[in-house]
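Let me begin by presenting the structure, written as structure tokens, before commenting on it.
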Amino acid sequence: MQSSIRHILVFAVLATGSLSVRADEVSVAVAANFSAPMQKIAADFEKATGHKAQLVFGSTGKFYAQIKAGAPFQMLLAADDETPARLVKEGDGVAGSRFTYAIGKLVLWSPKPGYVDDKGEVLKTGSFAHLAIANPKLAPYGLAATETMQALGLSSALQSRLVTAESISQALQFVVSGNAELGFIAYSQIHKDGRLINGSYWIVPSKYHSPIRQDLVVLEKGQGSAAVAALAGYLKSDAAKAVIKSYGYDL
């Protein structure tokens, strides 16, 4: 009888341990431009591995400040490559864990069909009152937007029309809500499954701004976690790459 009870207890402990492994979670800070593809990837990841990714979306600059202040993130999917490199250098990121998961594209977009031309001439000739951009100090796409305006020689002319958002998601909302007639946003926000969701846009040529190389880094709090390692590996898989490409990113 006692032997049977011991076997039952051992089985219960093993079963509980097995469930905890399957239900392991990873806390991930995700750059706002990557919200839609990451939600899809996280759902597929959970089905494939049993692990769950808890996602928080925001600007890369704010995430950096939060991580330095002790936020419990285990992984960062940044909108640039400089922030992950800096975190590794400062001891907050795990050396050797960093890699580029996507290369972003900046677009000038309006929900109005035919409003934005394929060369961005609307910036010079349009009668718009407001142009939305993400804060260049916090969001790499915002920095790319300011670099683009500088390259086009339009910084001074457009300064009074700028509406600055905290993140690329808020920049999109400014345009969607009508608070700005057009805005510089991420291609992924209006591009899905190989087609434009709505409106009109200009893909900004890469020569006008620094490359938007988006890097992942495992943070110190994620070192040794099976779920973290599994998610990092999954983001390199063909399944994840197919999702990333479907939102207009390069690899």
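Values computed for the structure shown
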| item | result |
| --- | --- |
| Candidates 56, 28, filtered to the one that is assigned to a strand (DSSP E or B), among the aliphatic types (A, V, I, L, M), open to solvent by 30 Å² or more (accessible area, probe 1.4 Å) and at pLDDT 55 or above | 56 |
| Top-ranked residue of the range 93-120 - restricted to ones that are open to solvent by 60 Å² or more (accessible area, probe 1.4 Å) and in contact with a helix residue (DSSP H, G or I) (Cβ under 8 Å, 6 or more places away or on another chain), ranked as nearest to residue 191 (Cα to Cα) | 98 |
| Residue in the range 181-198 that is assigned to a helix (DSSP H, G or I) and either over 22 Å from residue 112 (Cα atoms) or open to solvent by 70 Å² or more (accessible area, probe 1.4 Å) (or both) present | no |
| Failed item in (1) touching a helix residue (DSSP H, G or I) at 6+ places or on another chain (Cβ under 7 Å); (2) open to solvent by 40 Å² or more (accessible area, probe 1.4 Å); (3) not in a loop (DSSP other than H, G, I, E, B), with residue 136 passing the rest | (3) |
| Among residues of the range 71-124, those that are assigned to a helix (DSSP H, G or I) and either more than 29 Å from residue 192 (Cα to Cα) or not β-branched (Val, Ile, Thr) (or both), counted | 9 |
| Candidate set: the range 67-81, residues that are open to solvent by 40 Å² or more (accessible area, probe 1.4 Å) and touching a residue at least 24 places away in the same chain (Cβ under 8 Å); chosen: the one farthest from residue 225 (Cα to Cα) | 81 |
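The values are calculated or read from the model by the stated rules, or taken from the named source; none is laboratory data. Here the structure is a predicted model, which is why all the values come from computation and not from measurement. Here Cβ is always computed from backbone atoms with ideal geometry, including for glycine, and neighbour counts include all displayed protein chains. SASA here: full protein model, heavy atoms, side chains in, ligands and nucleic acids out. Shrake-Rupley method; radii C 1.70, N 1.55, O 1.52, S 1.80 Å.
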